[in-house]
Amino acid sequence: MSEIAGRTWTLKDEYGLRRGLDTADGKIEAPYSNDRKNILIRFNATRPMQHIQSKQRGMQMREVFDAQHREMLDLATAILAVVDDCPSRSSDPLNRLRLALSKKVTVHCQEEAIALQASRDIVPPEIMRRYHDELLKWRRDLISCNSDWPPERVWSDPSGFKSAFRPVANALRARILWEQGCLYPIIMPSAP
């Protein structure tokens, strides 16, 4: 753990450990991702985070976010592939992949929200608004696709499911490109 500006941050691995933010109001906890590394990322509440070992912190955050993006895109691709490649039409692989994607999205969004909160003073309001509006729309589309297409319906109409899920996967790809091109240069200015 490390303390900066009265806040303590620790990111730990998936084995039941969690990260926490200690504030005067109490401890806020959120689960960490599937990454098995112990990673320490510190945020400063009084200055933009680029002032705190900016290159190293920005690069660590960028590496974590890029790895999560790759995992989400890989899961979306695997969901489409399992519908094509599962001759037994078993729902187990499909359910596992869909659940894994939902969990990965949740963890990633929590971590991005923390980075945005730490950088709220330097992120233009229109970027922040676009970030939230488009994220909520995309997550609604993912939830809608999952609820509209239970496994039984997927297996009875695989091409229909792929037609419904492919736009969600494409929107994820477009969103990641937007974040990397517009948002990350602001919140991680020294990262590549």
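Laboratory data are not the source of any read-out in this text; all were calculated from the coordinates shown. Owing to the predicted nature of the structure, the values given are computational and were not obtained by experimental measurement. Cβ: placed from backbone, ideal geometry, glycine included. Neighbour counts: every protein chain shown.
Observations on the structure shown:
- For Met128, Met61, order by how many other beta-carbon atoms lie within 10 Å, fewest first: Met128, Met61
- Coarse-grained scattering of segment 76-134 at q = 0.14, 0.24, 0.27 Å⁻¹, given as base-10 log I(q)/I(0) from a Debye sum over alpha-carbon atoms: -0.57, -0.92, -1.04
- Each of Leu135, Leu142 was scored by other Cβ atoms within 10 Å of its Cβ. Listed from fewest to most, they are Leu135, Leu142.
- For segment 53-187, averaging the sequence separation of C-alpha pairs within contact (under 8 Å, six or more residues apart) and dividing by the residue count gives a relative contact order of 36 percent.
- Virtual spin-label span in nm between Ser156 and Glu134, 7 Å along Cα→Cβ: 3.7
- Amide H contacts under 5 Å for Ile122: none, restricted to partners 5 or more places along the chain or on a different chain, H placed in the peptide plane at 1.01 Å from N.
- Equivalent ellipsoid, segment 53-187 (semi-axes from 5 times Cα gyration tensor eigenvalues, Å): 32, 15, 11
- For segment 69-74, the Karplus equation 6.51 cos²θ - 1.76 cosθ + 1.60, evaluated at θ = phi - 60°, returns couplings of 4, 4, 4, 5, 5, 4 Hz by residue, with Gly and Pro reported as x.
- Residue order, fewest to most surrounding Cβ atoms within 10 angstrom, among His132, His69: His132, His69
- Segment 78-121 and segment 141-192: distance between their alpha carbon centers, rounded to Å: 9
- Karplus 3J(HN,Hα) series, Hz, for segment 96-104 with 6.51 cos²θ - 1.76 cosθ + 1.60 (x for Gly, Pro): 4, 5, 5, 5, 4, 5, 4, 5, 5
- J(HN,Hα) series, segment 171-186, from Karplus relation 6.51 cos²θ - 1.76 cosθ + 1.60, nearest Hz, glycine and proline x: 5, 4, 4, 5, 5, 4, 4, 5, 4, 5, x, 10, 8, 4, x, 7
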